[in-house]
1. Relative to the Cα centre, what is the charge dipole magnitude of the chain, using +1 at the beta carbon of each Lys and Arg, -1 at the beta carbon of each Asp and Glu, and rounding to the nearest 20 debye?
2. Can you tell me which lysines have their Cα less than 20 Å from the Cα of residue 340? Leave out same-chain residues fewer than eight positions away.
3. Would you kindly derive the ³J(HN,Hα) couplings of the range 295-310 from the backbone phi angles with the Karplus curve 6.51 cos²θ - 1.76 cosθ + 1.60 (θ = phi - 60°), listing them in order in whole Hz, with x for Gly and Pro?
4. ³J(HN,Hα) across the range 133-149 via Karplus (A = 6.51, B = -1.76, C = 1.60, θ = phi - 60°), whole Hz, x for Gly/Pro?
5. Once both axes come from the Cα atoms, what is the angle between helix 87-97 and the longest principal axis of the chain, in degrees from 0 to 90, rounded to 10?
6. Treat each spin label as a single point 7 Å out from the Cα along the C-beta direction, and report the residue 177 to residue 201 distance in nm.
7. Enumerate by residue number the GluC sites (Glu not before Pro) in the range 267-301 meeting two conditions: DSSP loop (anything except H, G, I, E, B), and at most 15 other Cβ atoms within 10 Å of the site's Cβ.
8. Which order results if 338, 13, 177 are arranged by neighbouring Cβ count within 10 Å, fewest first?
Amino acid sequence: MSAHKTATVREITAVLEEMAPLTLAESWDKVGLQVGDPKRAVKKVMLSLDSNDEGVIDEAIAKGVDLIIAHHAMIFKAVQTLRTDTPYGRKLQKLLTHNISVYVAHTNLDIAEGGINDILASRLHLERVEVLSRVHNTRLKKLVVFVPESHHEQVRKALGDAGAGWIGNYSHCTFSTPGHGTFVPQEGTSPFIGEQGVLEKVEEVRIETIVSDLNQDKVVQALLQAHPYEEVAYDIYPLEIMGQELGIGRVGDLVQEMTLGQFAQFVKQQFGVEHARVVGPHDRPVRRVAVLGGSGEEFYPEAIKKGADVFVTGDIRYHYAQDALADGLCMVDPGHNTEKVCLPSVAAFLEAKLREYGYDAEVLVSETNTEPFTFL
């Protein structure tokens with residue numbers, strides 16, 4: 001589809017939420033639109049690791065950006081005052097003065113399939129990747145809809161294309177049963193089939209499929225658009241079976257075994273950092289790797305349970321490092337800022353989806369270095 005529509009903040013962030021629904025975020029997290037008007041038109045979007053960095057805000061102003069999508073929140077704690085003679089107040093003033101909206105995708109993007117931790121695992125070339133620490137599973141539901149025979153293939157395709165019918169690695173899974181539907185169009189209706197006040201009997205098809213709680217709204221919207229009836233008859237039933245496992249971090253296997261020292265050099269190369277803190281003997285062999293973007297030291301017991309030889313995460317504190325090593329787990333800390341290597345992949349997803357939906361917004365990745373640390 002060619003680009004021809006101007007998108008709003010809400011429309012663009014809804015596209016990102018197809019990858020990282022807000023429902024995935026941890027309960028303590030602050031995600032979603034934090035600054036700006038959801039109805040504002042957007043011509044330029046810029047992805048950044050940090051939204052509260054003044055350099056990022058100045059870059060957005062200089063480039064004419066309308067919307068910053070960031071991983072780290074602009075507003076996390078309660079704001080008691082908004083004084084523009086403070087650094088924080090000055091940054092908010094700049095955003096509001098230049099009509100720049102700020103949207104945050106944090107733990108929801110960490111947890112999401114294809115999100116931060118999947119990208120980091122991919123950068124390390126991990127195989128047989130699984131979730132490090134389960135947060136929850138998607139809930140599956142049965143969707144049943146009744147469609148006139150003439151349109152059942154159209155509706156079936158729309159359901160599958162919207163994400164319904166996934167069972168394992170199989171998509172577009174449905175089951176159909178023919179039957180007859182009856183109805184009497186009442187006064188004020190404009191029926192696709194039949195006349196007002198006359199009992200109509202129509203050959204219809206009952207279509208059954210599976211939807212998850214993450215894409216239910218999108219699937220229902222696609223159903224209503226594809227169905228020819230003025231009033232669509234459909235049912236949604238909760239199921240006892242669990243869907244996809246979702247959680248924090250990833251664990252997988254290296255293509256080839258390395259020593260810890262070799263692996264630390266590989267991490268530096270793949271994550272684009274000059275230094276990394278290493279916990280453990282540099283000659284120890286490692287093969288199974290746990291990785292968690294940002295600050296994840298408290299998840300080291302889960303890494304041990306998953307059989308990891310080494311855990312890659314940021315902001316490791318002294319006693320966590322001691323305890324992990326005592327339990328036989330090596331660690332590599334390339335810093336919190338390494339999450340920035342994921343931004344191009346998220347930008348590519350967003351850009352492709354915007355093109356698919358016909359939006360003409362330009363997607364940029366911030367060039368501002370927000371790493372606060374230097375090494376002497």
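1. Working: 36 positive and 53 negative charges, 133 e Å.
That gives a dipole near 640 debye.
2. Of all the lysines, those that pass the test against residue 340 - Cα under 20 Å, at least 8 places apart if same chain - are 30, 44, 63, 268.
3. 10, x, 4, 5, 8, 5, x, 5, 4, 5, 4, 7, x, 5, 8, 8
4. Working through the residues one at a time gives 9, 5, 9, 6, 10, 5, 9, 9, 9, 9, 9, 10, 9, 10, 10, x, 3 Hz.
5. 30
6. 1.9
7. On the way: sites: 274, 297, 298; in loops: 274.
Those satisfying the criteria are 274.
8. By the 10 Å Cβ count, ascending, the order reads 177, 13, 338.
A short reminder: the numbers here are calculations on the coordinates, not readings from a lab. Remember, it's a predicted structure, so these values are computed and weren't measured experimentally. Ideal geometry is used to build each Cβ from the backbone, glycine not excepted, and the neighbour counts take in all protein chains shown.
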